[in-house]
Amino acid sequence: MHWYSSPSSLITFAWAGWAASWLAAAVWTRRTSARAGGAELPSRLVSLVGAGLLFTPTHGFSLGPDWDVSEATAWAMFGMVIFGIAFAWWARLHLGTLWSGSVTRKADHRVVETGPYALVRHPIYTGLLASAFATAVARGELVALIGAILFCLGIWMKARLEERFLSEELGPEYAAYRKRVPMLVPFLRF
């Protein structure tokens, strides 16, 4: 079997491609006007631990798969990973120079309510979460599922921080947007 015919290998390459392209695009941003500061550290740590568990191979430690993953399921999960990454990239491109890797307000910041931002307030996070859970299912390991859950918790913590920060910075316009559009899951308010 070739590496390019294995869904698990392709999932790994999809994530690596996303990470490399995301880092390369990080220079495409506006000047920062305000920053949330060190308040992001807890969410970053939780996300990092989750990502570590999600992507650390455990087969060498005899922790093997905890559930069987059929080839059809693995391919479907690869498709979900690609969909999630594409959704995150759509949001990143739609946001343009207002994007930041940390919780900030950019120069001339405004509420973006079109494209993927009409479906959810944090579509980049939504895409990454879909990809993370699909990766965990494809791996068939409880450790990976715990990693996806921790990754989700870290992203949720960051999204909540971002919500508070943008509410303070952008005022009533952001409050109205919050009332209309769900946070992370389309059609689901919580």
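The values are calculated or read from the model by the stated rules, or taken from the named source; none is laboratory data. The structure displayed is predicted, hence computed values, not measured ones. Cβ coordinates were reconstructed from backbone atoms using ideal geometry, including for glycine residues, and neighbour counts include every protein chain displayed.
From the list 79, 84, the one residue that fits, being modelled with pLDDT of 95 or more, farther than 28 Å from residue 34 by Cα and under 15 Å from the mean Cα position of the chain (by Cα), is 84. Being part of a helix (DSSP H, G or I), within 16 Å of residue 159 (Cα to Cα) and aliphatic (A, V, I, L, M) is the filter here, so list the residues in region 99-130 that pass it. Within region 99-130, 124, 128, 129, 130 qualify. When restricted to residues that are farther than 18 Å from residue 174 by Cα, of a type in the set (Gly, Ala, Ser) and surrounded by 15 or more Cβ atoms within 10 Å (Cβ to Cβ), region 89-116 contains 0. Among the numbered conditions (1) modelled with pLDDT of 95 or more; (2) within 30 Å of residue 171 (Cβ to Cβ); (3) surrounded by fewer than 15 Cβ atoms within 10 Å (Cβ to Cβ), the only one that residue 128 does not meet is (3).
Only a single criterion out of (1) free of Cβ contacts under 8 Å to residues at least 40 places away in the same chain; (2) over 20 Å from residue 18 (Cα atoms) is not satisfied by residue 95, namely (2). For region 131-148, the set of residues classified as crowded, with 22+ Cβ neighbours inside 10 Å and either among the charged types (D, E, K, R) or not in a helix (DSSP H, G or I) (or both) consists of 139, 141, listed by residue number. When region 1-25 is filtered for residues that are part of a loop (DSSP other than H, G, I, E, B) and either in contact with a Ser or Thr (Cβ under 6 Å, 6 or more places away or on another chain) or exposed (fewer than 11 other Cβ atoms within 10 Å of the Cβ) (or both), the ones remaining, listed by number, are 1, 2. When region 160-190 is filtered for residues that are in contact with a helix residue (DSSP H, G or I) (Cβ under 6 Å, 6 or more places away or on another chain), part of a helix (DSSP H, G or I) and buried (at least 16 other Cβ atoms within 10 Å of the Cβ), the ones remaining, listed by number, are 161, 166, 174.
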